[in-house]
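A short write-up of the structure that comes next.
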Amino acid sequence: MKVLIIDDEPDVIEVVDLCFSLRWPEADIASATTGDEGLRLVEEEKPDIILLDIMLPDTDGFQICQEIRRFSDVPIVMLTARGGEIDKVRGLEMGADDYITKPFSHIELLARVRAVLRRYESQLPAVGEVFESGDLRIDFASRSVTIRGQAVRLTPTEYSLLYHLTRNAGRVLPHHTLLAKVWGREYADEIDYLKVYVRRLRQKLEGDPETTGRIVSERGVGYKFDAVA
């Protein structure tokens, strides 16, 4: 497994390197101290996961995350000294998969990394059927999604969320149920993750993150996919 750390703090790079050396010795660690160097290594090294700091000397991690998402679905965990909800939500909106606040323990870091990798590596059941709703078409066997015949590129987490919503079309799935199914039981209270990913799905399916469209929110309860003929 290849891990890329994009952070300009030598102490953080050293801690992460030591953490993986002790607990995940087969991991191959690469590091970059600027955003430009990080983007170059993403393309050259093809890492399996990226640990990305928000504060970088040449740019900010949000922009780097957004740029990576233009060409790669590699899992991204944001690293930051900030603890504000705004930064957390913004990172997720830019395409990050998770978020960890400095200082962090070895156990917390590895738990987050394992959880993200588990989501990316898990294979949803391949069911030999096609789901159609209006101009939306999902081929579950090939995991392909199209709108009006045009392919929609989804990250594994986005696809997993859409999968569970459409497989239960017309039925409200509680927040904690969706969080546990898509992110894991340890994320059952992370409502912000669900809100951000629903917005991302709406953007890709409807062209507008504010448009309710197919994904309907039941305030205080959960979400349902409202299928149309």
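Given 0.36 nm per residue, what is the gain on full extension from I147 to E206 after removing their alpha carbon distance, in nm?
20.3 nm
What is the sum of charges around S160, taking Lys and Arg as +1, Asp and Glu as -1, for the other residues whose C-beta is under 12 Å from the C-beta of S160?
Spelling it out: positives minus negatives among the neighbours equals +2.
A 19 angstrom limit on the alpha carbon distance is what I want to check against. Which of K88/K224; K2/K46; K204/K224 exceed it?
Result: K88/K224 exceed 19 Å.
Search the structure for amide H atoms under 5 Å from the amide H of S144, placed 1.01 Å from N in the peptide plane, and list their residues when 5 or more places away or on another chain.
HN-HN under 5 Å from S144: D139.
Which one, L18, L165, V89, projects farthest toward the positive side of the charge dipole computed for the chain from Cβ point charges (K/R +1, D/E -1)?
L165
Once both labels are modelled 7 Å past Cα along the beta-carbon direction, what's the A30-Y120 spacing in nm?
1.3 nm
Over the alpha-carbon set of segment 2-121, divide Rg by the Kirkwood Rh and report the Rg/Rh ratio to two decimals. Don't jump to the answer; show the numbers that get you there.
Working: Rg = 12.8 Å, Rh = 14.0 Å.
Here the Rg-to-Rh quotient is 0.91.
Please list, in chain and number order, the residues 5+ apart from T59 or on another chain whose amide H is under 5 Å from its amide H, with Hs placed from the backbone.
G35
Going highest first, how would you order 97-104, 25-32, 72-79 by mean Cβ packing within 10 Å?
In descending order of packing, they fall as 72-79, 97-104, 25-32.
Counting only C-alpha contacts under 8 Å and six or more residues apart, can you give the relative contact order of segment 130-225 as a whole percent?
24 percent
Net charge near R202: determine it from the other residues with C-beta under 14 Å of the C-beta of R202, scoring Lys and Arg +1 and Asp and Glu -1. Let's see the in-between values first.
Values: positive: K195, R199, R200, K204, R214, K224; negative: E93, E158, E206, D208, E210, D226.
Every neighbour counted, the sum reads 0.
D135: net charge of surrounding residues, Cβ under 11 Å, Lys/Arg +1, Asp/Glu -1, itself excluded?
Every neighbour counted, the sum reads +1.
Once amide H atoms are built 1.01 Å from N in the peptide plane, which residues 5 or more positions from K2, or in another chain, come under 5 Å H to H?
Close amide H contacts, sequence-distant or interchain: D28, D48, I49.
When the helices in the chain are scored as -39500 (n - 2.57) per DSSP H run of 4 or longer and the sum is shared across all residues, what 222 nm value do you end up with, to the nearest 500 deg cm²/dmol?
-12500 deg cm²/dmol
Order by neighbour count: W183, W24, fewest other Cβ atoms within 10 Å first, most last.
W24, W183
Dipole of segment 130-225 (Lys/Arg Cβ +1, Asp/Glu Cβ -1, origin at the Cα centre): which of Q203, A141, L154 lies farthest to the positive side?
Among Q203, A141, L154, the one farthest towards the positive end of the dipole of segment 130-225 is A141.
Using 1/(1 + (r/R0)^6) with R0 = 41 angstrom and r between the beta carbons of L18 and F71, what's the FRET efficiency to the nearest 0.05?
FRET efficiency, L18 to F71: 0.85.
Any read-out appearing in this document is the output of simple, stated calculations on the displayed coordinates, not a laboratory observation. Keep in mind the model is a prediction, meaning the values are calculated, not measured. For neighbour counting, all protein chains shown are included, and Cβ atoms are generated from backbone atoms with ideal geometry for every residue, glycine included.
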